[in-house]
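What follows is one structure encoded as structure tokens, with my remarks underneath.
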Amino acid sequence: MTESLTKRFAHKIKTPEELGEVLGPMPRERKAIMCHGVFDVVHPGHVRHLLYAKSKADILITSITADRFIDKGKYRPHVPEDLRAANLAAFEMVDFVVIDPNKTPLENLMLIQPDFFAKGYEYQSGGIHPKTAEEMRVLESFGGQVIFTPGDIVYSSSRLIELEPPEIKYEKLQTVMERDGFSFDDMRATVRAMQGKRVHVVGDTIIDTFTKCAMIGGQTKTPTISVLYEDKIDYVGGAGIVAKHLKAAGAEVVFSTVLGDDALGTFAREDLEEAGVEVRAVTDPTRPTTNKNAIVVGGYRLLKVDTLDNRSISDEVLEALLCGIRDVPTDAIAYCDFRHGIFNRRTIPAFTAARPEGSFSVADSQVASRWGNITEFKGFDLITPNEREARFAMADQDSGVRALSSDLYDTSECKTLILKLGDRGVLTCRSPDHESSDSFLTVDSFVEHVVDAVGAGDALLAYATLVMMITGSAAKATTVGSIAAACEVEQDGNIPVTTEDVLNRIDSIERKMSYE
């Protein structure tokens with residue numbers, strides 16, 4: 001892995017206190033000027049602004065807003081603060097960079113006391129903005145001065161980002177690995193150490209059916225589409241595929257679920273047992289095995305026909321599942337809620353209380369089209385909702401994902417939250433101190449070619465759970481889980497991701513990051 005920007009230019013990145021000591025008190029022989037901004041994407045307007053500022057003093061300091069204070073857009077910043085600081089430090093004209101730990105630059109101005117504070121032309125056109133006036137008063141208190149750079153060219157970072165978000169997944173990954181102190185060899189060693197870990201999966205089994213057809217045409221008298229049946233294939237899905245991912249990763253897996261007394265229930269048992277999963281299923285003859293049949297024509301899902309019964313399990317079935325949980329020795333327990341009868345407000349408290357003492361506990365509530373709430377699973381070590389589920393749980397459709405994940409983290413009382421953002425990757429919240437820059441980390445998607453986007457979250461949950469059990473590292477779990485998710489969506493259907501798949505992808509990513 002080549003040396004990253006953050007390492008190469010670390011000598012230029014200072015704290016406000018360090019800068020105050022480097023510059024010394026006013027008056028100075030060498031004048032200092034400071035610029036402040038987000039600098040999420042450095043564009044020509046920024047460069048002109050910095051060049052002009054440098055022409056007015058000997059030392060140019062750029063101050064950037066910390067990630068936690070950026071609220072423009074739901075997914076900003078696209079570039080994390082460490083990378084933004086390194087990007088600016090790489091400019092020859094920039095002498096020092098500081099990540100501002102405050103919401104406004106006022107405290108930094110008092111600590112650093114630059115001779116000049118450069119503002120863009122837009123901050124004086126139409127009158128002085130109240131915030132700028134406050135900054136001017138702070139500067140005047142120690143003899144500093146605000147200067148405005150020319151406004152002949154004005155660019156908007158937000159507009160540029162909206163056109164095309166930056167593609168920096170490998171740079172972001174390198175930053176995460178350096179900050180948390182792990183390497184590709186560490187990831188490989190962790191993946192190989194998954195063998196023999198005991199995991200008990202509890203949740204709804206779904207049989208995902210793909211009925212492949214060819215288009216014949218439509219009726220002339222009614223809006224009826226006519227297709228020709230060609231083939232049908234069944235996959236074990238829902239909590240069942242989570243169990244298969246865990247087994248493929250090397251874990252010893254027990255799977256507790258509810259099945260109907262029907263052919264699909266038999267298929268599920270046989271398929272899981274063939275994969276090496278120990279199945280402890282409760283048969284409920286009053287309900288069918290959940291089946292979701294997608295009618296696929298020309299590679300497109302034309303229609304989905306569901307056969308299911310979402311009513312709550314009976315007290316007898318609940319007690320049978322709870323007895324199984326209490327009887328099975330395990331290192332981790334994963335509750336996979338698809339809202340098909342096992343988990344609901346009546347049963348979740350009992351399942352939560354039944355978790356074996358000392359086991360690592362995971363909850364995932366995948367409720368894309370049904371009623372469910374991940375916050376009902378309180379006090380778990382790891383939860384892995386997607387953005388839609390998180391917004392539903394918090395009744396929040398507007399906040400940025402950092403604020404959303406902070407609220408969900410606190411409400412669910414979890415230890416680690418991995419928020420799945422689809423093709424944007426994941427955001428992990430791993431600390432109740434949401435003011436700390438170390439509380440969050442982001443990892444972009446490693447998918448190169450999507451074949452079937454469904455199922456990424458199941459692979460992520462399985463591999464992230466095992467990594468957390470082995471290392472306790474949320475950063476490593478997020479990275480390996482995201483790599484497993486990428487492997488899953490690049491194949492059609494519910495195919496378990498093996499350790500070989502993950503190791504091969506780790507090798508591929510390392511080569512790309514080493515520019516080989």
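The values are calculated or read from the model by the stated rules, or taken from the named source; none is laboratory data. All values reported here derive from a predicted model rather than from experimental measurement. Ideal geometry is used to build each Cβ from the backbone, glycine not excepted, and the neighbour counts take in all protein chains shown. Surface areas here come from the heavy atoms of the whole protein model, side chains and all, with no ligands, DNA or RNA. Shrake-Rupley method; radii C 1.70, N 1.55, O 1.52, S 1.80 Å.
A few notes on this one:
- The criterion of at least 3 residues that are open to solvent by less than 10 Å² (accessible area, probe 1.4 Å) is met, among strands (runs of 3 or more DSSP E) falling completely within the stretch 181-287, by 198-203, 205-218, 225-238, 252-259.
To keep it simple, each residue is scored yes or no on (1) under 27 Å from Glu140 (Cβ atoms); (2) open to solvent by 40 Å² or more (accessible area, probe 1.4 Å).
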| position | (1), (2) |
| --- | --- |
| Thr15 | yes, yes |
| Leu83 | no, no |
| Asn87 | no, yes |
| Leu106 | yes, no |
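- Just one of the listed residues (His49, His43, His78) is modelled with pLDDT under 95 and within 22 Å of the chain's Cα centre (by Cα), namely His78.
- Qualifying residue in the stretch 1-11 (condition: modelled with pLDDT of 90 or more and not small (Gly, Ala, Ser)): yes
- Residue check for Thr62: open to solvent by less than 30 Å² (accessible area, probe 1.4 Å) and without any contact (Cβ under 8 Å) to a residue 40 or more places away in the chain: yes
- For the stretch 388-416, a residue qualifies if it is open to solvent by 30 Å² or more (accessible area, probe 1.4 Å) and in contact with a strand residue (DSSP E or B) (Cβ under 8 Å, 6 or more places away or on another chain), and the qualifying residues are Arg402, Lys415.
- Lys56 vs. criteria surrounded by fewer than 19 Cβ atoms within 10 Å (Cβ to Cβ), in a loop (DSSP other than H, G, I, E, B) and in contact with a Ser or Thr (Cβ under 7 Å, 6 or more places away or on another chain): no
- Selection count where residues are aliphatic (A, V, I, L, M), touching a Ser or Thr at 6+ places or on another chain (Cβ under 7 Å) and within 20 Å of Leu259 (Cα to Cα), scope the stretch 334-363: 1
- Among residues of the stretch 102-131 that are over 18 Å from Ile64 (Cβ atoms), those with a beta-carbon under 7 Å from a residue that is modelled with pLDDT under 90 and aromatic (Phe, Trp, Tyr) at least six positions away or on a different chain give the pairs Tyr121/Phe148; Gln124/Phe148; His129/Tyr123.
- Single match in Arg311, Arg346, Arg339 (criterion: open to solvent by less than 70 Å² (accessible area, probe 1.4 Å), part of a loop (DSSP other than H, G, I, E, B) and of a type in the set (D, E, K, R)): Arg339
- Among the residues of the stretch 62-71, just one is in contact with a helix residue (DSSP H, G or I) (Cβ under 6 Å, 6 or more places away or on another chain) and more than 26 Å from Ser141 (Cα to Cα), namely Asp67.
- From the options Gly276, Gly299, Gly218, Gly237, residue that is out of contact with any Cys (no Cβ under 7 Å at 6 or more places or on another chain), modelled with pLDDT under 95 and within 29 Å of Ile483 (Cα to Cα): Gly299
- Selection from the stretch 40-53 of residues that are within 28 Å of Glu435 (Cβ to Cβ), open to solvent by 10 Å² or more (accessible area, probe 1.4 Å) and not aliphatic (A, V, I, L, M): His46
- Scoring Val79 on the criteria (1) open to solvent by less than 70 Å² (accessible area, probe 1.4 Å); (2) of a type outside the set (Lys, Arg); (3) assigned to a helix (DSSP H, G or I) leaves a single failure, condition (3).
- Qualifying residue in the stretch 434-452 (condition: modelled with pLDDT of 95 or more, buried (at least 22 other Cβ atoms within 10 Å of the Cβ), under 21 Å from Leu83 (Cα atoms) and among the polar types (S, T, N, Q)): no
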